[in-house]
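What follows draws every value from the coordinates through simple rules; no lab data is involved. Remember, predicted model here, so these are calculated numbers, not experimental data. Cβ: placed from backbone, ideal geometry, glycine included. Neighbour counts: every protein chain shown.
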Amino acid sequence: MPVLARVIEAAGISTVVVTMMPDLAERIGVPRTVGLEFPFGHTLGHAGDREEQTEVIRDALRVLRDARQPNAVEHLPYEWPDFERWKREWHPSEPAPIIAFLIEQRRRARAGG
Amino acid sequence: MAIDSYKWLPGSFANYYRTLSLQKAEPLPWTPLTKPIEECCFSLVTTAGLYVKGKQPPFDLDGERRNPFWSDPTYRTIPRDVKQEEIGIAHLHINNADLEADVNIALPVHRFLELEAAGEIGSLAPTHYSFMGYQAFPPNTDEWENHYGPEMAAHMKEEGVDAALLTPV
């Protein structure tokens, strides 16, 4: 996503990225970033929670308006209840192919070592 | 406050990202807003792997299953009047259940239509964009940078877009 933000910004369009991994965005370089601790797949909040989604959007628009230099990052204090459940629940029901491959590779390395 | 960017990841993946050596892109492009938010035309971009059912093909997940190191670098255009039931999701790396119920958690078209109606933004552009966030292993976004990203940005310019909200999942 950082690369898409840079391409759009370079075309003369202002951008703001909302992400749960602002540290990566900052290290790779993004014009404007808003970071929050929502689980993967839930960038703007809970499904069906119109108020929460709108609040996050308004925060992003504020950063879009007020940031004064590139690589501006603001962390937002949103909270996502029930961490233990969601730490499992954001994952797909089956591991993605590359994840399955890496897990199997590590298992073999351990068995072989 | 500082949030934990790796909070949701299993320990080994958190360590992978924490220690990943990254080259910062410098200088970063910079386009300041030249008018109030209330007058800006917005476009939305996500990496949730969305497509319009019956009108567009899903992202090529079979190709990714055949070769887990490969991924589909293309994008789909999502119209501003898209309905929830028209949204398809093709993404093997996240739980899609909540997105099936409410696309706005990743591509907030309906929230932006409300902001447009309330006069909080100028307008919502006709077209929005979805990529699929897994981009190869090791990660490779060359196709996004050199082909699909510029093509999308050109389309945004044609539609008079002033600002874009990007929401990776």
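Tabulated data
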| quantity | calculated |
| --- | --- |
| Residue B:47 long-range amide H proximity, modeled H, under 5 Å | B:131, B:167, B:169 |
| Residue mean of other protein chain beta carbons inside 10 Å, B:131-141 | 2 |
| Distant-in-sequence amide H partners of residue A:33 (H built 1.01 Å from N, under 5 Å) | A:17, A:72, A:73, A:74 |
| Label zone at residue B:113 (point 7 Å along Cα-to-Cβ), backbone N below 16 Å, segment B:32-56 | B:42-44, B:52-53 |
| Ratio of Rg to Rh over the protein assembly as shown (Cα coordinates, Kirkwood Rh, two decimals) | 0.95 |
| Whichever lysines have a C-alpha closer than 20 Å to that of residue B:83, once near sequence neighbours (fewer than 8 apart) are set aside | B:53, B:55 |
| Once the Cα gyration tensor of segment B:104-159 is diagonalised, semi-axes √(5λ) in Å | 28, 15, 6 |
| Average other protein chain Cβ within 10 Å of Cβ, residues A:58-64 | 4 |
| Kirkwood hydrodynamic radius of segment B:1-48, from inverse mean 1/r over distinct Cα pairs, in Å | 15.2 |
| All-pairs Cα distance distribution in segment B:76-132, expressed in whole percent, bin size 10 Å | 22, 53, 22, 4 |
| For the protein assembly as shown, size of Cβ-based charge dipole, Lys and Arg +1, Asp and Glu -1, in debye | 940 |
| Cα-based convex hull volume of chain A per residue, rounded to whole Å³ | 151 |
| Reciprocal of mean inverse Cα separation for segment B:5-87 (Kirkwood radius, Å) | 17.4 |
| Whichever lysines have a C-alpha closer than 27 Å to that of residue B:24, once near sequence neighbours (fewer than 8 apart) are set aside | B:7, B:157 |
| Between helix B:149-158 and chain B: long-axis angle, C-alpha atoms, 0 to 90°, nearest 10 | 0 |
| Loop trypsin sites (Lys or Arg not before Pro), segment B:14-120, which have at most 13 other Cβ atoms in a 10 Å radius of their Cβ (DSSP) | B:24, B:53, B:55, B:83 |
| Segment A:21-113: trypsin sites (Lys or Arg not before Pro) in DSSP coil with no more than 16 other Cβ atoms inside 10 Å | A:68 |
| Cross-link reach list, aspartates and glutamates versus residue A:87, counting only Cα pairs under 18 Å and skipping chain neighbours closer than eight places | A:37, A:79, B:4, B:98 |
| Sequence of B:137, B:59, A:83 once ranked by neighbouring C-beta atoms within 10 Å, starting from the fewest | A:83, B:137, B:59 |
| Folded to 0 to 90 degrees: helix A:97-112 orientation relative to chain A principal axis, Cα | 40 |
| Helix B:109-118 vs. chain B, principal-axis angle (Cα, 0 to 90°, nearest 10) | 30 |
| Inverse of mean 1/r across different Cα pairs in segment B:25-169, Kirkwood, Å | 16.1 |
| Approximate spin-label separation residue B:83-residue B:7, in nm, with each point projected 7 Å along Cα-to-Cβ | 3.7 |
| For segment A:45-102 and segment B:115-161, distance of Cα centres in Å | 18 |
